[in-house]
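So the structure is just underneath, and the comments pick up after that.
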Amino acid sequence: MSLKAEIHIPINSDADIVTARQQGRELAQQAGFNGSDLTVISTAISEVARNIVEHARSGEIVLSVANGPGRSGLVVVARDHGPGILDISLAMQDGYSTGKGLGLGLPGTRRLMDEFEITSKPGAGTTVTMKKWRR
Amino acid sequence: MRVPILKQGGYLIASIQSALSDYELLQLRDDLSAQVGRFRSRGVIVDVTVLDVMDSFAVRTLRAIAQIGHMRGAETVIVGIQPEVAFAMVQLGLALGDVETALDLEEGLALLDLRTKRGESHVTES
C-alpha cells in the first residue's frame, strides 16, 4: 500500500494549533489508532505547532498516513522558515527554553512519539518529522 | 468561546465546554482573577473534563490560574483530567506542581470545603 493523501494545515496563529491537533486526531483515528495513542499524537502535534507560532510565527503541519509492510502509522511534519535552531542538542535538553515555555516542548514531544527527527538551519527554518506506529 | 464561570456560594466554577486556544485559556485566567475579587470567592474549580489534550501551554496556564488565585485568597482545584490526558502529560514531562486536583466536580467541591474550612457553608451562603 502507498501513502494516502497529505493534509496540509497552515499554522499562523494559536487557533491553528487547535485545528492541527484536531485534524491529527481525526486522521489518526482513521488510521486505526485509539485510546491514549490519539491523545498522545494530538498532544505532540500541539507542541510542534506551538513551536512554529512561538519561534517562527508561521509555517505548516503536514499529516499523512504511512502504510508500510506489516505496519501502519501516522507521519507528522512541522515545517517553518523561521530563525532556525542554533544548537539542536541544546534545544533537545529538558528544561531548556528560549521562549515562554516550560522547556519541555521538543524533548517531551520526542518521548511521546516513536520516531522524531529535527533538521534546522539558522536563518532558514526548522523541520520536525515525527512518526507514531500502531501497536 | 469564553468559558462560562458559574458562581456557587463562595466558589467559582469554570466549566470548559470545548477545546481552547491559547488566547481563550489566557482569557479564562484573567476572567477568574477578576471574578475572584468581584465575588470575594474563596475557591475556584476548573473543570477540564472535555479537554482531550492538555499540552505545555494549558498546564502552564492552569498553574498560573492557581497561583494567581492563591495570591488573591482563593484556592483552586482542577477537576476532570481524563486518564489518557494524564498519561500523555506524564510522558511529556508535565506536572501541575502543587496545584490541587480532584476526580470530578463533586470531589473538587468537597476538597475546597476542606481547604477553605467552610463545611457546607458554600451551599447556604448568598
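The values are calculated or read from the model by the stated rules, or taken from the named source; none is laboratory data. Fair warning: this is a prediction, and the values are worked out from it, not measured in the lab. All Cβ positions, even for glycine, are placed from backbone atoms using ideal geometry, and neighbour counts span all protein chains on display. Each accessible area value is taken on the protein alone, full model and side chains, heavy atoms only, with ligands, DNA and RNA left out. Shrake-Rupley method; radii C 1.70, N 1.55, O 1.52, S 1.80 Å.
Just checking, does the range B:68-76 include any residue being within 14 Å of chain A (Cβ to nearest Cβ), hydrophobic (A, V, I, L, M, F, W, C) and out of contact with any strand residue (DSSP E or B) (no Cβ under 8 Å at 6 or more places or on another chain)? Looking for residues that are within 14 Å of chain A (Cβ to nearest Cβ), hydrophobic (A, V, I, L, M, F, W, C) and out of contact with any strand residue (DSSP E or B) (no Cβ under 8 Å at 6 or more places or on another chain), one finds none in the range B:68-76, hence no.
Does A:S46 satisfy the criteria of being at pLDDT 95 or above, at the interface with chain B (Cβ under 9 Å from one of its Cβ atoms), out of contact with any Cys (no Cβ under 7 Å at 6 or more places or on another chain) and under 20 Å from A:E115 (Cβ atoms)?
Yes; evaluated as a whole, the condition is true for this residue.
Taking the criterion of being in contact with a strand residue (DSSP E or B) (Cβ under 6 Å, 6 or more places away or on another chain) and either over 14 Å from B:I81 (Cβ atoms) or open to solvent by 10 Å² or more (accessible area, probe 1.4 Å) (or both), would at least one residue in the range B:47-62 satisfy it? There is at least one residue in the range B:47-62 that is in contact with a strand residue (DSSP E or B) (Cβ under 6 Å, 6 or more places away or on another chain) and either over 14 Å from B:I81 (Cβ atoms) or open to solvent by 10 Å² or more (accessible area, probe 1.4 Å) (or both). Selection of the range A:1-55 for residues being touching a strand residue (DSSP E or B) at 6+ places or on another chain (Cβ under 8 Å) and among the hydroxyl-bearing types (S, T, Y) yields A:S2, A:T19.
Residues in the range B:85-119 that are surrounded by 14 or more Cβ atoms within 10 Å (Cβ to Cβ) and on the phi > 0 side of the Ramachandran plot: B:G93 only. Is it true that B:D30 is among the charged types (D, E, K, R), away from chain A (no Cβ under 14 Å) and not in a strand (DSSP E or B)? Yes.
For every residue, the table says whether it meets (1) charged (D, E, K, R); (2) at pLDDT 95 or above; (3) at negative phi; (4) open to solvent by 70 Å² or more (accessible area, probe 1.4 Å).
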site: A:V76; (1), (2), (3), (4): no, yes, yes, no
site: A:G82; (1), (2), (3), (4): no, no, yes, no
site: A:G95; (1), (2), (3), (4): no, no, no, no
site: A:L102; (1), (2), (3), (4): no, no, yes, no
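Residues in the range A:22-39: is at least one of a type in the set (A, V, I, L, M, F, W, C), in contact with an Asp or Glu (Cβ under 9 Å, 6 or more places away or on another chain) and within 15 Å of B:A19 (Cβ to Cβ)? Yes, because at least one residue in the range A:22-39 is of a type in the set (A, V, I, L, M, F, W, C), in contact with an Asp or Glu (Cβ under 9 Å, 6 or more places away or on another chain) and within 15 Å of B:A19 (Cβ to Cβ). Among the residues of the range A:26-51, count how many are without any contact (Cβ under 8 Å) to a residue 60 or more places away in the chain and either closer than 16 Å to A:I11 by Cβ or not β-branched (V, I, T) (or both). Here the count works out to 13.
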